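Just below is one structure, and these are the notes that go with it.
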Ligand code: SF4
């Protein structure tokens, strides 16, 4: 890839160059000055064939640059830099490639075939990609996906876009450069990007609420969310051994005053707010009194991320005692919702590689318990699994696709449920349906 380095250096050495001029420089470098701009625009594949033999990816980047489809030179350089090897993401131990299953740690999409119906009501789609990392690096591959083998992967294809980065796991080899998706195959779209577990948990059923939030800008700040954050801070203090919540409240409050001032008016009852927060901490203190061992067990690092599946999250409390791990997720809302269980499931997923490492090192099984703790009354609910790994990853990929689409003038996918749809929305609570209906264009 020294050639790509040289191309990038050349572009960076001439900073005043425009995107289209950079395109002409690329074309000249790739064709040794033999292929003119007009001839290339008439037949872009000429650069891929003899005598130039440029890779399809480089030819596509050159075409987009010559046409001025990139907004800045940095975007052109970023597209070229994708060809330079990075450290591939670390595979979780149970997901190591086996002899008959292949992993492509990173590849750039060159072409997409959207799902089409074939015999027997089965749908087929495919992805052509240039592998940029791992043992198949620099080769062009085709991945064929059938809905009867892997429906989720088959219908993910329309969410990808040309030159998006993907990681593909558990592919079945068919022939040279030819792979098929099987039931265990999963894709990670833009694997270097991390998506928050909370956003994914909220999007498992529908990405619409997250899309609305994205369009509005930063997440909503309300008195309720601030109260929740305060209770979380005080819970952290409690686990560190603080016993006087009144004085802990006084210490923590100044950090929230600016945010509180932005969402309150002169009718804000500060005393009632304080009493409400302390009511929650009172319930939590009772919970800890009933479970004093929690203060003795070592706490694990709370911020977790997975480089394999591009998901991150901060767990409220994780305790380890011997070969037992206890995950505790604090909820301050009036009731525990299905998405809270989904969030806990994702945290468990994020801890799974750590757990497997321990199991391998210690040679003994690790028991994991996970609970949602309500600060309203100090009650807790064990994890109710309502989702699975593939659904979580699918929601994550679709959020990435949606974020990409929102930033484009001509989005590659229509934001989901742009028009209210009774059939799909029937399972949402009425207040959600009303809100979505009001915010839809219909
Ligand atoms: S009401 Fe419909 S659009 Fe709104 S969140 Fe539910 S499924 Fe999505």
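The numbers here are math on the coordinates, done by the rules we state, and not lab data. What you see is a predicted model, and the numbers here were worked out from it, not measured in a lab. Glycine gets a Cβ as well: all are built from the backbone with ideal geometry, and neighbour counts include every protein chain shown.
Largest first and to the nearest Å, give the Cα extent of region 186-234 along each principal axis.
Result, largest extent first: 39, 24, 20 Å.
Report D for region 93-189 in µm² per second (integer): Stokes-Einstein, Kirkwood Rh on Cα pairs, 37 °C, 0.692 mPa s. It would help to have the intermediate numbers written out before the result.
Working: Rh = 13.2 Å.
Translational D for this selection: 250 µm²/s.
Please list, short to long, the whole-number percent of alpha-carbon pairs of the chain in consecutive 20 angstrom bins beginning at zero.
Final binned percentages: 21, 47, 28, 5.
If you take all C-alpha pairs in region 2-81, what percent of them are over 20 Å apart? Each step should come with its number before you reach the end.
Working: 648 of 3160 pairs.
Across region 2-81, Cα pairs with separations above 20 Å total 21 percent.
What's the angle, to the nearest 10 degrees (0 to 90), between helix 430-439's Cα axis and the longest principal axis of the chain?
The angle comes out near 40 degrees.
Determine the shape class of region 216-308: with a ≥ b ≥ c the square roots of the Cα gyration tensor eigenvalues, call it rounded for a/c under 1.5, and otherwise prolate if a/b is greater than b/c, oblate otherwise.
Working: a/c = 2.53, a/b = 1.28, b/c = 1.98.
Because a/c hits 1.5 or more and a/b fails to exceed b/c, region 216-308 counts as oblate.
Mean-square fluctuation check for the chain, GNM, Cα pairs under 10 Å: which of 162, 145, 346 is largest?
For the chain, modelled as a Gaussian network with Cα springs under 10 Å, the answer is 162.
Stretch residue 78-residue 305 to full length: gain in nm at 0.36 nm per residue minus the Cα-Cα span?
Numbers: separation 227, 0.36 × 227 = 81.72 nm, distance 2.43 nm.
Length gained between residue 78 and residue 305: 79.3 nm.
Which FRET efficiency, nearest 0.05, do residue 116 and residue 9 yield, Cβ-Cβ r, R0 60 Å?
On the way: r = 43 Å, r/R0 = 0.72.
The computed FRET efficiency comes out at 0.90.
For the residue pair residue 324 and residue 21, what label-to-label distance in nm results when each label sits 7 Å from Cα along the Cα-to-beta-carbon direction?
Each label point lies 7 Å from its Cα, and together they span 7.0 nm.
Does region 132-174 classify as rounded, prolate or oblate by the C-alpha gyration tensor (a ≥ b ≥ c root eigenvalues; a/c under 1.5 gives rounded; else a/b over b/c gives prolate, otherwise oblate)? Kindly include the intermediate steps, with their values, before the conclusion.
Working: a/c = 2.34, a/b = 1.34, b/c = 1.75.
Oblate.
Could you grab the relative contact order for region 93-189? Cα pairs under 8 Å, six or more apart, rounded to a whole percent.
Working: 230 pairs, mean separation 30.5, N = 97.
Relative contact order here is 31 percent.
Kindly identify region 134-289 as rounded, prolate or oblate by the Cα gyration tensor criterion: order the square roots of the eigenvalues as a ≥ b ≥ c, call it rounded if a/c is under 1.5, otherwise compare a/b with b/c, prolate if a/b is larger, else oblate. Before the final figure, lay out each step's value.
Values: a/c = 3.53, a/b = 2.60, b/c = 1.36.
Judged from the Cα gyration tensor, region 134-289 comes out prolate (a/c at least 1.5, a/b above b/c).
Given a Förster distance of 35 Å, report the FRET efficiency between residue 433 and residue 251 from their Cβ-Cβ distance, rounded to the nearest 0.05.
Working: r = 43 Å, r/R0 = 1.21.
Here the calculated transfer efficiency is 0.25.
Assuming R0 = 30 Å, what is the FRET efficiency of residue 296 and residue 223, from their Cβ-Cβ distance, to the nearest 0.05?
Numbers: r = 35 Å, r/R0 = 1.18.
With R0 = 30 Å, the Cβ-Cβ based efficiency is 0.25.
When only Cα pairs under 8 Å and 6 or more residues apart are kept, what is the percent relative contact order across region 302-365? Please report the intermediate quantities before stating the final value.
On the way: 48 pairs, mean separation 17.5, N = 64.
Relative contact order, region 302-365: 27 percent.
Based solely on C-alpha atoms, express the radius of gyration and the Dmax of region 223-382 in angstrom.
Expressed in Å, the Cα Rg and Dmax of region 223-382 come to 17.1, 61.
Relative to the longest principal axis of the C-alpha atoms of the chain, give the angle of the C-alpha long axis of helix 270-290, reported between 0 and 90° and rounded to the nearest 10°.
Relative to the chain, helix 270-290 is tipped by roughly 90 degrees.
Taking N as the number of residues in region 318-393, what value does Rg over Cα atoms divided by 2.2 N^0.38 Å take?
On the way: Rg = 13.5 Å, N = 76, 2.2 N^0.38 = 11.4 Å.
Normalised Cα radius of gyration, region 318-393: 1.18.
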